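One structure is given here, and the rest of the page talks about it.
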């Protein structure tokens, strides 16, 4: 024996030097690469996304565990071969002069690089997918179907869910993660409410989300609009109202400050107390004008200590509370279909019957589809025109009614206007008086927020009155608020 090597223990190759362990290490490397890439994308993204945690903290760790498992199996196998073996277990050796070894090396290197590249591309695409409306609307299957459908038919169909429901900033990012964690639990264990409640308390102030695109100074002037109705009589009599809506604004360089958007003028601050979760009952209002003068208005019966309530500063969402998920009332949806000629208005009582079949109780979409077809066919057995009406009414139902989730217009108040819900009249009802007893919040005067230019049918609509005219209710005058009678249904 050579004296130089005498007393030295023979070199024992690492237990990691086997193909299975090396493959496991490649998987671990790809998992770590994806993990840190997702963290980086989440950190530098325009909007923080709570759902990316599913990928970062659940999917990529699964790859890491799988890689470690492969590595461990390879080590145990190599150790098992070594124990009790008199001969040394050779390490992985590559002799580039041998074609077989070259093929093995090329295959391993190419596969490893391909895996890491796919991990990078997959992580990036997965991150983008979690930002999409499809992910938010379809991941929870039928649970979010109402929200996804109404979003796709709304004016913000091209705005991603996270832009409004999360937005920028660390604080709201953390809150959204906590909320999202509970939502995952609720869906997994079927603990979610039906219908899904509007996340009023969890929504960010409009100035941090809506005003990224809309802001008070942007709006000015009036908006002219014609609203067409069809009455509930045998001839479906038309009745139209031409309005000049006083939108107003807050930029004195572009127009007179005032109008409906007076509430959002930067110099004014309007605060209120709501005594219900949906913010439909508002007994107390405090207004601070641009000179710092404070006026408190409240209803006669509200004598409570205001320190027991949350005082909310009014913003866009207090009126535009259904900007993306609007369930159109059946009365309005049928009106529009008749106006567009999709429903033949010459069919007797078609307005009444279409609204009736839409508002019947159904348990499933299939039952509703069949029930609508059967009911309309039975009411018009000898009128072939009804065959063109049935699919239109069925589509209205699919777009606005979701029986499995018990979601429709009747459970989601819409504060924009005052036709079906109190809306403006939550405060402008004549019952909110100042503490001095001399002033009230301006009450339900039709010309306060809009001017009626013309109303009626036929030649009456040609008699424009720029100065405005008093509203004439078809069928007679009523000393009631619109929402006292109009429910959106039959």
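Just a few scattered comments:
- Scanning region 269-285 for residues that are touching a helix residue (DSSP H, G or I) at 6+ places or on another chain (Cβ under 7 Å) and either in a helix (DSSP H, G or I) or surrounded by fewer than 16 Cβ atoms within 10 Å (Cβ to Cβ) (or both) yields a total of 1.
- Of residues in region 153-181 being at pLDDT 70 or above and assigned to a helix (DSSP H, G or I), the one surrounded by the fewest Cβ atoms within 10 Å (Cβ to Cβ): 163
- Filter result for residue 395 (surrounded by fewer than 20 Cβ atoms within 10 Å (Cβ to Cβ), outside the structural domain of residue 155 (by TED's automatic domain parsing), out of contact with any strand residue (DSSP E or B) (no Cβ under 9 Å at 6 or more places or on another chain) and touching a residue at least 40 places away in the same chain (Cβ under 8 Å)): no
- Residue within region 457-468 that is in a strand (DSSP E or B) and either in contact (Cβ under 8 Å) with a residue 12 or more places away in the chain or touching a helix residue (DSSP H, G or I) at 6+ places or on another chain (Cβ under 7 Å) (or both) present: no
- Every condition in (1) touching a residue at least 24 places away in the same chain (Cβ under 8 Å); (2) over 16 Å from residue 235 (Cα atoms); (3) out of contact with any strand residue (DSSP E or B) (no Cβ under 8 Å at 6 or more places or on another chain); (4) part of a loop (DSSP other than H, G, I, E, B) is met by residue 327 except one, and the failing one is (3).
The values are calculated or read from the model by the stated rules, or taken from the named source; none is laboratory data. Worth saying up front: this structure is predicted, and the values here are computed from it rather than measured. Neighbour counts run over all protein chains shown; Cβ positions are idealised from the backbone, glycine included.
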